[in-house]
Every structure is written in C-alpha cells, then in structure tokens.
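Here's the structure we're looking at; comments come further down.
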Amino acid sequence: MANTSSAKKCVRKMARKTEVNKTRRSAVRTTLRKVEDAITSGDQKLAKEALLSAEPAMMRAVGKGIFHKNTGARTISRLSKRVKALAS
C-alpha cells in the first residue's frame, strides 16, 4: 500500500491510465477481429476495407505505448499478407 502522498497520487494516476489503455486496446482488438472475420468469410473487398481501418488504429495504439512497435508491425504484416492471399 502507498504510504506517501505522492505514491497515493501515482496509484490514482495509474488507475485512470489503465482504464484509458483498456478501452484503446479493446478498440484495436475489435478492428483486428473485423479483419479476421472478413478473411475467414473469404470476402476480399471487405477484408481490404477492414485492414485499411485496422492499420492506423494499431499504429495509433503503438504511438500511445499500448503495444510495442514490433508487435504492431508484425500484426499488420501478417494480416496484410493473408488479405493479399485471398486474391489468388
């Protein structure tokens, strides 16, 4: 348990930031899930549109520090590769 007033303030700040980060992480995961669903359904047009909205959302989350930059790049790379494979 926090003893000093500054430590107590840090606990309050962490709680607020955790809530914001949870919301942002959830939103990104939702956009990624839309791409996954489009890929599994085999609809290339829908998958491309979903990927175009998922990529900036993921990179924004990377910029905010929610995901590591390599994780974001790897995720988008793998999804775009799978969307591209739908064409053939």
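Readers should treat all values here as calculations from the given coordinates under stated rules, not as data from a laboratory. In this text, all values refer to a predicted model and were calculated from it rather than measured experimentally. We place every Cβ from the backbone using ideal geometry, glycine too, and count neighbours over all the protein chains shown.
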Please pull out the direction-averaged projected area of the chain, using the convex hull of its alpha-carbon atoms, in nm² to one decimal place. 6.6
With the dipole of the chain defined by +1 on each Lys or Arg Cβ and -1 on each Asp or Glu Cβ, the option from A15, V28, G72 whose Cα lies farthest towards the positive pole is A15
For the chain, what is the relative contact order in percent, using Cα pairs closer than 8 Å and at least 6 residues apart in sequence? 27
Cα centre as origin, Lys/Arg/Asp/Glu Cβ charges: region 1-74 dipole, Debye: 640
Placing each pseudo-label 7 Å from Cα in the direction of the beta carbon, S53 and E19 end up separated by a distance in nanometres of 2.7
